[in-house]
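These notes concern the structure reproduced below.
The values are calculated or read from the model by the stated rules, or taken from the named source; none is laboratory data. What you see is a predicted model, and the numbers here were worked out from it, not measured in a lab. Methodologically, a virtual Cβ is constructed for each residue, glycine included, from the backbone with ideal geometry; neighbour enumeration extends over all protein chains shown. These accessible areas exclude ligands, DNA and RNA; they are computed on the full protein's heavy atoms, side chains included. Shrake-Rupley method; radii C 1.70, N 1.55, O 1.52, S 1.80 Å.
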Amino acid sequence: IFFRAYVTMDPNRPSNAYGLDPSLYRSQVPSYQPGAYPPVPAQNYVPAHTTGYPPVPLAPMPQPVEVVDPVAEFMMGRSHPPLIRVSFEDVPQNVDGLKRLALARCWKQAITLCEHCIYNLPLLPHESLQWQFALAFSLVKLERPGEAAEVIDKHVGPFNADKNRFETYAAYYPGQKGCMIPFGMRLLHAKLPLLRNDPKASQDRLYELLDFCQEHLNEPDTAAAIKTAMEQAIVGDAAPNTWRDRERCVKLELVDIHVSLYQHMCAVAIINDMLKEYTPEMRTAKPTGQAEYMELLQRLGGIHLEAGQLGPAEDAYSRVEAIDETILSPADQHKLEVTLCLNRGTLCMAQSLFARAFEEFGQVLQKDSHNAEAANNQAVCALYNCNLKEAVSILEGLIRNDPHAALTEPVVFNLCTLYDLQSEQNLQKKKVLHAVVQRFKGDHFPQKYLKLE
């Protein structure tokens, strides 16, 4: 209602002197008083009067996504320190730095260090050869045997060449004679064809190397003159110290080659020849004599079983049982107990007594919960007993107990095979296992054993 007053206002008169009702000037909307009206509930749509269209529901607010670590989920709460990653820049540019990278299994960084030292540092001839060996060894660890062979063939050349002898550099090595090639490079050169699917060529090279070792058996067995610091750094304590140890190392490589070529009797002949050297006096005098003797008998029994000869295998294992425990150290006594259970379980598997073999391997795991061989064989027994779920659980439990030691090639390959048999999210499970391998084993683990392709 609009009201218009045609009145001449006198400023000296009061406001109501013109006959007007002051209430006509007041707003008809009551004044706001806090708390006088109930709150309006929030609406999850756009009001119609703002758009002219019916109300449109709004999209819900995105909720934060919880990120789950697949490795932690696989480990089921068991914490183990991951493999420490060491970079090329974090280590000194010398043999000590190479040793740190080798211990950390950072073989890509080791290659970088080797190439840096070869091409940028002033090296003596024998030092250059040692760095070439370390480079080839690191390439083999990364499954690049072709490049390793190229390093040896191109940069080292024939081992008997004049450039690889001390006499050629009389100014640097006065009075020294012989070849500067490290034994580790000779052994690696002999094994390279096998890594390139040519076992016959490796067999020929290993026999040549065996003759070379036997020619030097009468030389002084001084570790300083035989094992180089480079071999100690890159190979570790397993590097043989004496020519006798080197001969034994080459013979064991030949045994593996013969077995891979199904020449079991040749392998048996080599082991029997080696066992003749381990007389009771020799086993007592040598600190590692009993352990080496036990290992040879173990290999002999395993080869007989692989060839289907149960009787000779039982005979080899019975010789292990005949070892006198009283002359063994506490560590060797424990190893003997574990070995006897393993032998009994293996014989039961050969006779298709999988339930009994399962129990024998279980006793091994009670004595040594980190024994990968026992866990692997027990999983195989569980599979033959039609218990696929338990077989998977055994291998997964082994990895959870100690991933650094348990993530071996046979264990990973068998576990991936069991995942394929389950046919339930097998690819996803293998990807999780791949993440576990990357965290605890480094960059040298062969990817083919994960069966991701």
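Karplus-derived 3J(HN,Hα) values for the range 432-441, using 6.51 cos²θ - 1.76 cosθ + 1.60 with θ = phi - 60°, are 5, 4, 4, 5, 5, 4, 4, 6, 10, 10 Hz; glycine and proline are entered as x.
Per-atom-type breakdown for the range 296-431 gives carbon and sulfur 49% of the accessible area (1.4 Å probe, protein chains only). Label sites at residue 435 and residue 124, each approximated as a point 7 angstrom past Cα along Cα to Cβ, lie 5.1 nm apart. Sequence-ordered 3J(HN,Hα) estimates for the range 345-352 from the Karplus curve with 6.51, -1.76 and 1.60 and θ = phi - 60° stand at x, 5, 5, 5, 5, 5, 9, 6 Hz, glycine and proline given as x.
For residue 356 and residue 275, the FRET efficiency from 1/(1 + (r/R0)^6), where r spans their Cβ atoms and R0 equals 30 Å, is about 0.55. Anisotropy class assigned to the range 163-210 is prolate, per the alpha carbon gyration tensor with a/c at or over the 1.5 cut-off and a/b larger than b/c.
Under the classification rounded if a/c is under 1.5, otherwise prolate if a/b is larger than b/c and oblate if not, where does the range 97-218 fall, given a ≥ b ≥ c as square roots of the Cα gyration tensor eigenvalues? Taking the square roots of the gyration eigenvalues as a ≥ b ≥ c, the range 97-218 is oblate. Please work out the FRET efficiency for the pair residue 208 and residue 384, using the Cβ-Cβ distance as r and a Förster radius of 30 Å; give the result to the nearest 0.05. The value I calculate is 0.10. Treating r as the C-beta distance of residue 179 and residue 80 and R0 as 45 Å, the FRET efficiency rounds to 0.50.
Solvent-accessible area of residue 111, all protein chains in place: 20 Å² (probe radius 1.4 Å, heavy atoms, ligands and nucleic acids excluded).
Sort the range 338-397 into rounded, prolate or oblate with this rule: let a ≥ b ≥ c be the square roots of the eigenvalues of the Cα gyration tensor; rounded if a/c is under 1.5, and if a/c is not under 1.5, prolate when a/b is larger than b/c, oblate otherwise. Cα axes put the range 338-397 in the oblate bin.
Shown here is the pair-distance distribution of the range 76-153: with all Cα-Cα distances grouped in 10 Å bins from zero up to the longest one, the shares run 19, 47, 24, 7, 3, 0 percent.
Between residue 288 and residue 68, the simple label model (points 7 Å from Cα in the Cβ direction) yields a spacing of 4.6 nm. Here, the range 109-166 has an Rg and a Dmax of 11.3, 32 Å when only alpha carbons are counted. In the context of the full protein assembly, residue 108 retains an accessible surface of approximately 120 Å², using a probe radius of 1.4 Å and ignoring ligands and nucleic acids. Using 0.36 nm per residue and subtracting the Cα-Cα separation, the extra length available between residue 334 and residue 155 on full extension is 59.7 nm.
Are any of the pairs 99/177; 99/141; 276/367; 251/286 more than 21 Å apart by Cα-Cα distance, and if so, which? Long pairs (Cα-Cα over 21 Å): 99/177; 276/367.
Solvent-accessible area per residue in the range 261-408 equals 48 Å², computed with a 1.4 angstrom probe and all protein chains kept.
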